[in-house]
1. Which longest uninterrupted range of the chain lacks any trypsin sites (Lys or Arg not before Pro) assigned by DSSP to a loop state (not H, G, I, E or B) and surrounded by at most 13 other Cβ atoms within 10 Å?
2. Lysine pairs, Cα distance under 28 Å, 8 or more residues apart or cross-chain: how many in the chain?
3. Evaluate the relative contact order of the chain (contact order divided by residue number), counting alpha-carbon pairs under 8 angstrom at least 6 apart; express in whole percent.
4. Mind checking which of Asn55, Asn96, Asn35 has the largest fluctuation in a GNM of the chain, springs on alpha carbons under 10 Å?
5. Dipole magnitude of the chain about its Cα centre, charges +1 at Lys/Arg Cβ and -1 at Asp/Glu Cβ only, in debye to the nearest 20?
6. Strictly greater than 22 Å: what percent of every Cα pair in the chain meets that?
7. Using only helices, what value at 222 nm comes out for the chain when you add -39,500 (n - 2.57) per DSSP H run of length 4 or more and divide by the total residues, to the nearest 500 deg cm²/dmol?
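Bear in mind these aren't lab numbers, they're just calculated from the coordinates by the rules spelled out. Since this is a predicted model, take the numbers as computed values, not measurements. FYI the Cβ positions are ideal-geometry reconstructions off the backbone, even for glycines, and counts take in every protein chain you see.
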Amino acid sequence: MSGKDPENQRRSEEDAEDVRLMRLVARGDPSAFENLIERHQALVAGTVARMLGSNSDVEDIAQQVFIRVWKSARRYVPRAKFTTWLLKITRNLVFNEMRRARRRAQVPLQSEPGAEEIPLKDETNPAPDASLLEDELKRAIEEAILQLPESQRMALILRRYEQLSYEQIAEVLDLSVPAVKSVLFRARTELRSRLSKYLG
């Protein structure tokens, strides 16, 4: 009996495969690169969409992440897990995009005139069905996450949606583990206060 946790075993096998593919990519192997994209597209696109909101240029930024992977392949040294390195690239591009968007949006974003008057739920139906409430809560959570400062937002997304460990998040964000815990604590506190009407 090896005593090795099967989940950890699977993860280290997956990471070994990523490293093997990166070595091939470093030699200019396009099929290894396609394979890497297939393996990690959902992680990258999902993180970008949750960080920037799904109406942003998610595909474009996800594509830029993989272009960076291709260009950096020869310099890649597997010090951390491949996905941690990949998420660092994603973080850099997403944070750059957020800063660009902030500069563009010095004018506060406003909804269409008259949009405020539209009631959120159909008042003729006093008991909205559970799935509608669930959708509304999901949207409210996504909205609230988008209001968080960038590091809090990224830490929360990596923890909540990608189930990364504190150590992995610390590597992605270049923070210590205690700092990550503190960032997550602040993010959750902020979310709770923004979502208080749903949680009450």
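1. By the stated rule (loop sites, at most 13 other Cβ atoms within 10 Å), 122-200.
2. So the count works out to 12.
3. The value is 21 percent.
4. Ranking Asn55, Asn96, Asn35 by mean-square fluctuation puts Asn55 first.
5. The calculated dipole for the chain is roughly 1240 debye.
6. Details: 11585 of 19900 pairs.
Percentage above 22 Å: 58.
7. Details: 9 runs with 140 residues, N = 200.
For the chain, the value works out to -23000 deg cm²/dmol.
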